[in-house]
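Structure, as structure tokens:
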Amino acid sequence: MKLLDNFLISKTSTLLDAIKAIEINSSGIVFTTHGSKLVGSLSDGDIRRALISGASLNEPCQSHHNVNVVYMPIGSSDQDIHAVLNDDRKIIPLVDEDLKVLDLANRYRLHNFVIMEPCLNGNELSYVSDCIKSNWISSQGKYVSKFESEVSRLAGGGSCLATSNGTTALHLGLETLGIGRGDEVIVPSFTFGASVNAIIHAGATPVIVDIDKDTWNIDLDRIETAITSKTKAIMAVHIYGNPCDMTAINKIAKARDLFVVEDCAEALGATINGVPVGSFGDVAAFSFFANKVITCGEGGALVLNSPTLVDRGAELRDHGMDKSNRYWHTRVGYNYRMTNMQAAVGLAQTEQLPLFMEKREIIWKTYRSCLEDAGLFEFQQALDGHCPSRWLYTILLGPDVSKSSTLVMSELKNAGIESRPVFYPMSQMPSFKNHAVTHEDNSAINISSRGFSLPSSVSLTESEVEYISSTLINIVNY
């Protein structure tokens, strides 16, 4: 349920309906509407006074609501909103030109559209409550195995090991493959720092290469030129959920006897010709952080597509203990396990994944239809047969736009729209200077300077996406 659902009520609804809504929103007020148009407000005090005067709980709200309701245009600045709010007026509706309520603002929530928020409307609470009632709250319990089975299915059938987060899954995958000191792993420059951190934690050297200017994924030609006698693996990062060219990458890897590691942190649900990402590499790592396609709050998963790797991966995840001889450590391992409660949330999320993907597809198509004809932006391209996961809607300012992405994001914030810069090139990270080999990465630098992400929560409506898009266009144009 969206925030607005607990604050908006038809003017023909009863006072009893208003009381119930106020009990849910805990803010002491509801706003009355006629169709989609704001027409009034009704506080708990208004209702109390009406009842004292002899009104019935079954009377319509319109008989007692305040028609002089205070509202502000959507996109009002934080400063203007603060000027209107006071001890008596703690919450106000934000409306479009037709007086349709698009959002609410109070002293603690002035940003109208957040970049990404989880949707926890399924069985999350029920499953977590079951964990608590049964006392199975740590790394053992039925939800861990159930969640691993679901992730395995979604990733094409490989063996799944649930982990504490996506970075530990990636590190665990490299260690399971035996990659370590003296080895090199080729990785794209345009990625999140966890990709490079995991390679360094494994003791290997990241070899940072440029990306394709259209897909924003690792450049195949740059892979070829970066391979040396020390190269042990190629890390394919499906950036923003857009699948890499895994056919070509696997062909290169097979010819050079290299491992392929899929970084699927942002790509659960993405496919290549109907085949799920996560099934193309030797190992694949997924993330279930709060802003990912599905979430466990924190959590990750390692998918292993070779049966011979499973026992080694499981032992490394669980302190290096022998599975058949408890407390006997056969390896130097890690505590990378996921808790039963995290898995309970994750399992409930997998049940909603088809709905999430359907909603994301609508959001992406709406953004594209609103923005592509403006001639102001460039968009990430997917290869034929590649179906992205639609993780975070991300665009580039066109080369002829005079404003910087930093200025555009700042003005979006003033309009109540949260945005986020894209990743910086890994070649520019001072922390990696002494740990990585860096190749020229002009495309990564160029995209990083022009890119930013827009609100992408599955709760967004088409009209909200249209509003965000029109606001963005106005900001870039003026």
Original post:
Are any of the pairs LYS100/LYS403; LYS403/LYS433; LYS230/LYS433; LYS292/LYS413; LYS213/LYS251; LYS146/LYS251 more than 28 Å apart by Cα-Cα distance, and if so, which?
Top reply: LYS100/LYS403; LYS403/LYS433; LYS146/LYS251
Subject >> 222 nm mean residue ellipticity, helices alone, for the chain (DSSP H n ≥ 4; -39,500 (n - 2.57); rounded to 500) >> reply: -11000 deg cm²/dmol
Subject >> Peptides ranked, highest mean first, by Cβ atoms within 10 Å: ranges 181-193, 426-438 >> reply: 181-193, 426-438
**OP:** May I ask for the angle, rounded to the nearest 10°, between helix 15-25 and the longest principal axis of the chain, with both axes built from Cα atoms and the value confined to 0 to 90°?
**Re:** 30 degrees
Subject >> Residue-by-residue Karplus 3J(HN,Hα) for region 178-187, coefficients 6.51, -1.76, 1.60, Hz, glycine and proline x >> reply: x, 7, x, 4, x, 8, 10, 10, 7, 9
Original post:
Roughly speaking, what is the centre-to-centre gap between region 409-473 and region 215-274 when only Cα atoms are used, to the nearest Å?
Top reply: 22 Å
Original post:
When the accessible area of region 242-331 is split by element with a 1.4 Å probe, what percent falls to carbon and sulfur?
Top reply: 52 percent
**OP:** Give the percent of DSSP beta bridges with both residues in the chain that are antiparallel, rounded to the nearest 5.
**Re:** 65 percent
**OP:** Just need the relative contact order of the chain here, percent rounded to a whole number, with Cα pairs under 8 Å and 6+ apart.
**Re:** 18 percent
Subject >> Rounded accessible area per residue of the chain, 1.4 Å, Å² >> reply: 45 Å²
**OP:** Rank-order 461-473, 396-408, 331-343 by packing density, defined as the average count of other C-beta atoms within 10 Å over each peptide's residues, highest first.
**Re:** 331-343, 461-473, 396-408
Original post:
Can you put ARG317, ARG390, ARG326 in order of accessible area, largest first, using a 1.4 Å probe?
Top reply: ARG326, ARG390, ARG317
**OP:** Tally the DSSP beta bridges in region 65-177 and give the antiparallel ones as a percent, rounded to 5.
**Re:** 75 percent
Subject >> Rounded percent of accessible protein surface that carbon and sulfur make up, region 32-143, 1.4 Å probe >> reply: 48 percent
Subject >> Ordering of 290-297, 227-234, 446-453 by packing [mean C-beta count within 10 Å, highest first] >> reply: 290-297, 446-453, 227-234
Original post:
What's the center-to-center distance, using Cα atoms, between region 311-333 and region 69-142 in Å?
Top reply: 44 Å
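The values are calculated or read from the model by the stated rules, or taken from the named source; none is laboratory data. Since the structure is predicted, the reported quantities are computational estimates derived from the model, not experimental observations. Methodologically, a virtual Cβ is constructed for each residue, glycine included, from the backbone with ideal geometry; neighbour enumeration extends over all protein chains shown. Accessible surface is based on the protein model in full, side chains and every heavy atom, while ligands, DNA and RNA are left aside. Shrake-Rupley method; radii C 1.70, N 1.55, O 1.52, S 1.80 Å.
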